[in-house]
1. So if R0 is 30 Å, what FRET efficiency would THR34 and GLN14 give, r being the distance between their Cβ atoms, rounded to the nearest 0.05?
2. Output the direction-averaged projected area (hull surface divided by four) of the convex hull of the alpha-carbon atoms of the range 1-130, in nm².
3. For ARG66, what is the net charge nearby, where nearby means another residue's Cβ is under 14 Å from its Cβ and Lys, Arg count +1, Asp, Glu -1?
4. If I stretch the segment between VAL324 and VAL215 completely, what's the gain in nm (0.36 nm per residue apart, minus their alpha carbon distance), one decimal?
5. Could you identify which residue out of ALA175, ALA63, ALA217 has the top mean-square fluctuation in a GNM of the chain using Cα springs shorter than 10 Å?
6. Quick check on the chain: helices-only [θ] at 222 nm, where DSSP H runs of length 4 and up contribute -39,500 (n - 2.57) each and the sum goes over total residues. Nearest 500, please.
Amino acid sequence: MMLGMLLKWSGDLQGARRRFEDLHRRALEDGDETSLPFLLSQMSETATWAGDWAASRRQAEEAHTRALQTGQEPIRAVVLYARALVEAHLGLVEEARASARAGLELSEQVGSVISMMLNQTVLGFVELSLDEPAAAHERLGPLVSWLDVVGIREPGVLRFVPDEVEALISLGQLAKADELLAPYEVDAARLGRTWALLAAARGRALHTAAAGDAVAAAASLERALDDHRASAQPFDRARALLVLGSVQRRTRRRKAARASLGAALETFEGLGAELWSAKARRLLGRGAGELADPAPTLTPAERRVAELVAAGGTNREVADRLFVSVRAIEVHLTSIYRKLGIRSRSELTARIGDDNRPRLDQQTGAGPR
């Protein structure tokens with residue numbers, strides 16, 4: 001069992017699944033029902049990372065049934081996490097929230113910090129999937145301090161760090177994002193965790209683009225995708241392609257952006273990742289393969305705000321530039337998101353991008369700080 005878990009954490013998902021399947025067969029042959037709930041939860045989590053979500057759901061449901069039958073409440077907290085994880089990836093929002101909240105409550109009752117953190121990561125991932133970075137940060141931010149408490153440096157055990165980095169960047173908190181991302185990059189490289197290296201490259205590309213260098217961001221992420229082409233897990237690769245397409249859009253590489261976003265959409269749809277498929281469709285636009293019109297219905301004031309935010313400005317920086325309150329910027333952004341049918345800064349960046357910077361300079365008299 002421990003070897004299978006180590007293989008899972010290290011990214012050898014095929015090896016982990018073979019080990020777990022062998023253990024599952026032996027447990028059934030021996031009538032070892034008490035071992036099945038935890039084993040099946042490990043099988044379900046591994047299948048989720050491998051992109052076999054149908055198998056993952058079956059295994060999670062069987063794990064939950066057997067945990068109830070054998071009265072294993074502490075183990076059921078981990079089982080609920082496994083079930084919530086695959087539900088979240090499938091876009092089953094209410095089901096995922098219900099499973100993770102039940103797992104979180106049970107974790108607190110039995111005093112399990114790790115299962116508490118695991119269930120909390122799913123709740124944060126759900127919010128990020130819904131393009132609600134503030135809500136995602138509310139869930140994931142507190143877990144950062146717990147990393148030092150539990151002393152875990154293995155990226156494969158708790159996978160929330162790249163999601164928290166993305167939430168922070170969407171909120172314009174670039175310094176905090178870098179503070180979290182930099183040691184994660186070091187650990188991923190030190191341990192040679194290819195999936196973590198790709199996740200770190202995705203976060204670094206978002207950070208670099210938000211700081212104003214979309215060209216460098218696209219180039220670095222393209223290299224990472226090439227380097228990890230053979231070993232990348234399907235959902236993680238699609239997320240990287242989604243970011244790449246949005247960044248390429250800012251560099252005016254429309255054909256390359258369409259190709260990246262189209263590849264991401266194909267993978268998301270093949271997996272059944274409904275929320276992430278919707279993200280890719282929004283970035284591509286609803287026309288026949290064309291990227292959406294950057295800002296067709298914005299007022300002049302909204303356009304100025306949108307361009308400054310898309311260029312990497314925080315709410316405070318944009319407010320200072322335009323000599324208005326932060327609250328006024330928040331009101332403008334709410335209207336901009338509603339009009340454009342988007343939910344996050346990353347989507348706004350893809351829709352506005354570098355194409356509008358000359359107009360931005362004319363209107364404000366200076367480029368973004």
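1. Plugging the Cβ-Cβ distance into 1/(1 + (r/R0)^6) gives 0.65.
2. If I average the Cα hull's projected area over directions, I get 7.2 nm².
3. -2
4. So the chain would gain 36.1 nm between VAL324 and VAL215.
5. Checking each option, the largest mean-square fluctuation is seen for ALA175.
6. Per the formula, -25000 deg cm²/dmol.
Every read-out reported here was derived from the displayed coordinates using simple, explicitly stated rules and does not represent laboratory data. Since this is a predicted model, take the numbers as computed values, not measurements. Neighbour counts are summed over all protein chains in view; Cβ atoms, including those assigned to glycine, are modelled from backbone coordinates with ideal geometry.
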